[in-house]
Amino acid sequence: MYAHFKKIISEVHQGNPVILRSATEQYTLYAAEHINKIAIADTSSKIYVVIGTEQQKLTDEQSEHLERILTAIDETKRGSEGLLLAKANAGIKDFQLPEAAITLCELADFDQIALLIADPVIDADIPQVSLEEVVNYQKTTKQLVHAEVKTQLPTQYGTFDIIAYSDEIEGKEYVALVKGDVSGGENVMVRLHSECLTGDIFGSKRCDCGEQLHRSLEEIEANGNGVLLYLRQEGRGIGLVNKLKAYNLQQQGFDTVEANHKLGFADDLRDYAVAAQIIRDLKIKSVALLTNNPSKIEGLQKYGIQVNGRAEIEIHANEQNIRYLKTKKEKMGHLLKQVF
Ligand SMILES: [Zn+2]
């Protein structure tokens with residue numbers, strides 16, 4: 001995994017250029033340590049010096065280094081834009097190209113000083129890396145969730161360990177309900193449950209979330225081992241307010257997917273980076289997911305979690321949620337056996 005990304009790091013480390021791009025912009029990136037290798041005099045493009053912290057917080061050695069770089073660029077008299085400050089310790093959500101640039105320098109074992117040169121020459125020999133790849137690599141390899149407290153929680157389904165997590169990806173709080181010793185476990189039964197206030201708390205009949213939540217806890221208890229992760233992605237990631245707006249649209253005859261589109265959202269905005277981080281923090285080697293939703297399997301694999309199996313968790317349709325379940329099956333690829 002990440003072979004291409006590791007090649008990028010190696011190129012930056014050796015002082016070679018890489019092209020760093022977002023959906024709208026692209027630059028040639030160098031680690032500033034290699035200023036001598038860069039033909040600054042040959043470029044008429046704008047050069048940005050990106051640093052990862054405020055200039056006054058740099059060490060003396062870093063300041064001298066930065067001065068040398070700025071002097072070298074000034075000598076070209078070709079429209080240097082001076083310094084661009086990347087947000088040091090930026091949350092992964094705030095990552096833009098400057099933050100990605102200094103991250104690449106840091107991963108290549110350099111100070112957080114990068115050069116970004118506009119109007120890059122696109123050449124098959126110069127490898128390209130996207131902002132998204134940098135973000136995904138960080139989400140996979142950097143510890144971005146923190147177990148804050150662990151205690152016991154007796155429930156009507158059984159007694160679980162409950163661990164509360166904070167995270168640096170979404171800035172929210174999560175819980176993991178853990179049954180048995182899962183550390184080092186293979187094929188551990190895991191349910192990724194996305195928060196649904198109306199279904200989980202109020203017993204809404206519009207969806208099957210509440211029943212799935214309770215069924216999952218029963219199954220984990222019966223299995224004697226497993227984990228339920230309670231993920232804060234209300235309404236498939238659109239939030240509570242928008243979910244309730246979508247209910248109004250559903251009342252007018254749109255299905256759950258059409259309603260999301262009408263509100264300007266994709267079918268499903270959920271990201272499973274936090275889930276993958278918690279699974280890794282629990283030292284689980286591989287999981288068997290309790291789900292009907294194949295996108296959850298891909299969502300975890302994307303962040304390096306081995307998914308070895310899937311167990312279905314099918315709730316019987318009622319009059320209120322039959323259309324919702326039918327849409328999940330027909331439009332979202334959910335693996336439901338019921339014929340609607
Ligand atoms: Zn629900």
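The values are calculated or read from the model by the stated rules, or taken from the named source; none is laboratory data. No experiment lies behind these values; they were computed from the predicted model shown. Here the Cβ is made from the backbone with ideal geometry for all residues, glycine too, and neighbour counts use every protein chain on show. Note: accessible area is taken over every heavy atom of the protein model, side chains too, but ligands, DNA and RNA are not part of it. Shrake-Rupley method; radii C 1.70, N 1.55, O 1.52, S 1.80 Å.
On the beta carbon distance between Ser44 and Asp109, with R0 = 41 Å, the FRET formula returns roughly 0.85.
Basic side chains Lys and Arg get +1 at the Cβ, acidic Asp and Glu get -1 at the Cβ, and with that the dipole of the chain about its Cα centre reaches some 1320 debye. Estimated at 0.36 nm per residue, the fully extended path between Ala147 and Asn187 surpasses their Cα-Cα distance by 12.2 nm. Does anyone have the angle between helix 97-107 and the longest principal axis of the chain? Alpha-carbon axes, 0 to 90°, nearest 10? Between helix and principal axis, roughly 80 degrees. Multiplying the residue separation of Glu25 and Ala164 by 0.36 nm and subtracting their alpha-carbon distance yields 46.2 nm. A convex hull fitted around the alpha carbon atoms of the chain yields 165 Å³ per residue. Among Tyr2, Ala101, Leu228, whose Cα projects farthest towards the positive end of the dipole of the chain, with charges put on the beta-carbon of Lys, Arg (+1) and Asp, Glu (-1)? Checked the options; the winner is Leu228. For the chain, a Gaussian network of Cα nodes joined below 10 Å ranks Thr59, Thr291, Thr28 by mean-square fluctuation, and the top entry is Thr59. Compared with the dominant principal axis of the Cα atoms in the chain, helix 60-76 is inclined by about 70°. Taking the chain as a Gaussian network of alpha-carbon nodes connected by springs under 10 Å, the highest mean-square fluctuation of the residues Ala311, Ala276, Ala23 belongs to Ala23. Surface analysis of the chain yields an accessible area of 49 Å² per residue, using protein heavy atoms and a 1.4 Å probe. When the solvent-accessible area of the chain is split by element, carbon and sulfur atoms take up 48 percent of it, the probe being 1.4 Å.
Of Asp111, Asp267, Asp123, the residue with the greatest mean-square motion in the GNM of the chain, using alpha carbon springs below 10 Å, is Asp123.
Across the options Pro17, Thr155, Gln251, the greatest Cα extent toward the positive end of the charge dipole of the chain (unit charges at beta carbon of Lys, Arg, Asp, Glu) belongs to Gln251. Multiplying the residue separation of Leu263 and Gln14 by 0.36 nm and removing their Cα-Cα distance gives an extension gain of 84.9 nm. Exceedance of the 32 Å cut-off in Cα-Cα distance is limited, within the set Lys262/Lys329; Lys262/Lys283; Lys93/Lys245, to Lys262/Lys283. With bins 10 Å wide beginning at 0, the percent of Cα pairs of the stretch 191-321 falling in each bin runs 12, 40, 35, 12, 1. Roughly how tilted is helix 240-251, in degrees to the nearest 10 and between 0 and 90, from the longest Cα axis of the chain? For helix 240-251, the angle is close to 50 degrees.
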